[in-house]
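See below for the structure under consideration.
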């Protein structure tokens with residue numbers, strides 16, 4: 001048994017994108033700030049404040065005005081529905097944020 005790299009599960013290329021965004025958290029019916037880290041056709045990675053009550057499987061609505069990457073320009077056309085697929089609370093960032101992966105719905 002040799003060490004083999006784990007299979008890449010992503011279907012779309014990621015593009016770095018550092019910008020402030022907001023999202024509406026369906027279960028709490030509140031808006032929260034976030035920071036986009038990277039984005040792809042299928043979803044994005046964002047940092048949210050550690051106390052944000054997000055959990056995998058929850059619906060959110062992202063407001064991504066100002067996103068200017070031509071590779072994923074469709075996301076700036078209005079709010080986008082997404083599903084939280086990963087919340088990494090184990091790696092609490094020194095800035096008091098956690099990493100959250102989301103998958104876009106209907107893209």
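Put a dot 7 Å past the Cα of residue 29, heading toward its Cβ, do the same for residue 12, and the two dots end up 3.0 nm apart. Here the residues 47, 15, ranked from fewest to most Cβ neighbours within 10 Å of their Cβ, fall in the order 15, 47.
Only the coordinates and a few stated rules stand behind these numbers; no lab work does. Worth saying up front: this structure is predicted, and the values here are computed from it rather than measured. When we count neighbours, we look across all protein chains shown, and the Cβ atoms used for this are built from the backbone with ideal geometry, even at glycine.
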